[in-house]
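J.: Take a look at this one; I'll ask things after.
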Amino acid sequence: MSRTYLGMPAFPEAAAVSTGDDALRANLRRATHTIRAKRAAAVAELDDWDRLRAAGAAVKDRTLRHLDRYLLQLEESVTRAGGTVHWAADADEANRIVTDLVQATGETEVVKVKSMATQETGLNSALEQAGIRAYETDLAELIVQLGDDLPSHILVPAIHRSRGEIRDIFRTRMADWGRPAPAGLTDRPADLAEAARLHLREKFLRAKVAVSGANFMVAETGTLLVVESEGNGRMCLTLPETLISVVGIEKTVPTWQDLEIYLQLLPRSATAERMNPYTSMWTGTTDGDGPDSFHLVLLDNGRTDALADRTGRQVLRCIRCSACLNVCPVYERAGGHAYGSPYPGPIGAVLTPQLRGLASPLEESLPFASSLCGACYDVCPVAIDIPEVLVHLRERVVQGGEVTTRGVRTVVKPAKRHLAERAMMHAAGWTFDHPGALRRAQRLAARTRRLHPGRLPGPGRAWSDTRELPPLPAEPFRDWWSRTRGGTA
């Protein structure tokens, strides 16, 4: 079973390891540059892309402002269509609900279509502890599972693997999970895909229970929707007798008219396609067609806490397209595993600390895993200002302050590791507020410039290890101005 993200080190420690892996960096660079170029071409085809982007952001914001009302409408619609709705406040409750539902069927196996929400909750491990084996059916998720690995990208979870590595994983591990890889398997993409198809087909035909996520939920009809490129989702959603969908509450959209916006934004931003090859929709249950039983597990797990943050709530607009990952210079070099979360890259750096809270050094480090270049905001199809949220969360880490945790307003203490930084900022603030002190400090720094070290001591070392300290001028700017009157003398 794939490992979980529990106990992962802070981002700087994990990134120090991954950035030294030349093969990983080559795989990431090749894949992200290819995807980003194709996406740019697909987006350029639409003259009204900016208006679509603005509409997508506006609909999401309106929905989030009235999310309580739309969730109740969604529950009524799903129930009316023959489904059952369950509410999960956190990951443990979601896993317990799904485990109980599977055990009630008497089955010990489930097939899964790729689901970020169940990665977030660690569902596979919870099912394994209950004696239930979960089979990932997305090709990339299958590679990750067989390799006892973790996803490193939202859209392409096995982006860090080469074709040769995938071939070796199939050869050595497929037999442990079912049908073995064909003899003489090569690393040709067609051969690898065929091996996966043969391996998964018997699971689709045998499975009685399936677990899915959803890209969107339409409140007015109770319809759920999954977009994918391989057809595995269609098999999971139609063949089993019981379907359990675990979905974050923020995936709600009010109407089909609203959904139309996102079905233009998502494919072009994610896979650079005008339309996804498979767009599967289901509404409750229908006699003689599809699953006999449908359960929808609505997952909070920190989302309402994020909703209470006026600046941070915009991350709940995210439609999981992964466009921000493909343009991020930090992600390209560090890879997804360094983020210690199912949500890597820029969106993970702002989403994970809000869903989990600043619970450990990992969450405290994520808002700093960015150069603030702004490329993520430029490509986001729902206009999430990720740099703004990063700065907002950095302030929370360093300064502390009020946050909402499980619906209760609490005060977060400043992170201990930033004591020196806070002291320096306070000292700098006081100095800039007192012109005389600033003038004397500048003159002292200029006169002693030959004695200044090439590297900063203590915590400042992390900054100067990768940068050169700028040389100080022979005299402060104000003294030069007074002496030359702006260079006119």
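J.: When you scan segment 263-286, do you find a residue that is charged (D, E, K, R) and more than 28 Å from residue 32 (Cβ to Cβ), even just one?
T.: Checking segment 263-286: not a single residue is charged (D, E, K, R) and more than 28 Å from residue 32 (Cβ to Cβ).
J.: Out of the residues in segment 96-114 that are closer than 14 Å to residue 295 by Cβ and open to solvent by less than 10 Å² (accessible area, probe 1.4 Å), which is nearest to the chain's Cα centre (by Cα)?
T.: If we take residues in segment 96-114 being closer than 14 Å to residue 295 by Cβ and open to solvent by less than 10 Å² (accessible area, probe 1.4 Å), then 98 is nearest to the chain's Cα centre (by Cα).
J.: If a residue has to be among the polar types (S, T, N, Q), under 24 Å from residue 67 (Cβ atoms) and touching a His at 6+ places or on another chain (Cβ under 9 Å) to count, how many in segment 227-272 make the cut?
T.: Count: 1.
J.: Can you tell me which residue is modelled with the lowest pLDDT among those in segment 344-395 that are assigned to a loop (DSSP other than H, G, I, E, B) and small (Gly, Ala, Ser)?
T.: Taking the candidates together, the pick is 359.
J.: Here's something else I'd like to know. Being within 30 Å of residue 353 (Cα to Cα), at pLDDT 80 or above and part of a helix (DSSP H, G or I) narrows it down to one residue among 427, 437, 441, 462; which is it?
T.: One residue alone meets the criteria, 427.
J.: On the basis of being among the β-branched types (Val, Ile, Thr), in contact with an Asp or Glu (Cβ under 8 Å, 6 or more places away or on another chain), surrounded by 14 or more Cβ atoms within 10 Å (Cβ to Cβ) and not in a helix (DSSP H, G or I), does residue 410 make the cut?
T.: It is false that residue 410 is among the β-branched types (Val, Ile, Thr), in contact with an Asp or Glu (Cβ under 8 Å, 6 or more places away or on another chain), surrounded by 14 or more Cβ atoms within 10 Å (Cβ to Cβ) and not in a helix (DSSP H, G or I).
J.: Can you pull out the residues in segment 368-399 that are farther than 21 Å from residue 56 by Cβ, aliphatic (A, V, I, L, M) and open to solvent by 10 Å² or more (accessible area, probe 1.4 Å)?
T.: Matches in segment 368-399: 372, 391, 398.
J.: If you check 191, 149, which single one turns out to be under 22 Å from the mean Cα position of the chain (by Cα) and either more than 29 Å from residue 340 (Cβ to Cβ) or charged (D, E, K, R) (or both)?
T.: It is 149.
J.: For segment 267-278, how many residues meet the condition of being surrounded by fewer than 22 Cβ atoms within 10 Å (Cβ to Cβ), touching a helix residue (DSSP H, G or I) at 6+ places or on another chain (Cβ under 7 Å) and touching a residue at least 40 places away in the same chain (Cβ under 8 Å)?
T.: Here the count works out to 5.
J.: Does any residue of segment 383-403 turn out to be farther than 24 Å from residue 9 by Cα, among the basic types (Lys, Arg) and in contact (Cβ under 8 Å) with a residue 24 or more places away in the chain?
T.: No, segment 383-403 contains no residue that is farther than 24 Å from residue 9 by Cα, among the basic types (Lys, Arg) and in contact (Cβ under 8 Å) with a residue 24 or more places away in the chain.
J.: Okay, moving on. How about segment 279-309: which of its residues are within 28 Å of residue 41 (Cβ to Cβ) and open to solvent by less than 20 Å² (accessible area, probe 1.4 Å)?
T.: 280
Residue-wise test of (1) assigned to a helix (DSSP H, G or I); (2) among the β-branched types (Val, Ile, Thr); (3) open to solvent by 20 Å² or more (accessible area, probe 1.4 Å).
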residue: 119; (1), (2), (3): yes, no, yes
residue: 135; (1), (2), (3): no, no, no
residue: 140; (1), (2), (3): yes, no, no
residue: 149; (1), (2), (3): no, no, no
residue: 161; (1), (2), (3): no, no, yes
residue: 171; (1), (2), (3): yes, no, yes
residue: 175; (1), (2), (3): yes, no, yes
residue: 187; (1), (2), (3): no, no, yes
residue: 199; (1), (2), (3): yes, no, no
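J.: On to the next question. Looking only at segment 251-266, which residues are open to solvent by 10 Å² or more (accessible area, probe 1.4 Å) and either more than 12 Å from residue 218 (Cβ to Cβ) or touching a Leu at 6+ places or on another chain (Cβ under 6 Å) (or both)?
T.: 261, 264
The values are calculated or read from the model by the stated rules, or taken from the named source; none is laboratory data. The structure displayed is predicted, hence computed values, not measured ones. Methodologically, a virtual Cβ is constructed for each residue, glycine included, from the backbone with ideal geometry; neighbour enumeration extends over all protein chains shown. Side chains included, ligands, DNA and RNA excluded: accessible areas come from the protein's heavy atoms. Shrake-Rupley method; radii C 1.70, N 1.55, O 1.52, S 1.80 Å.
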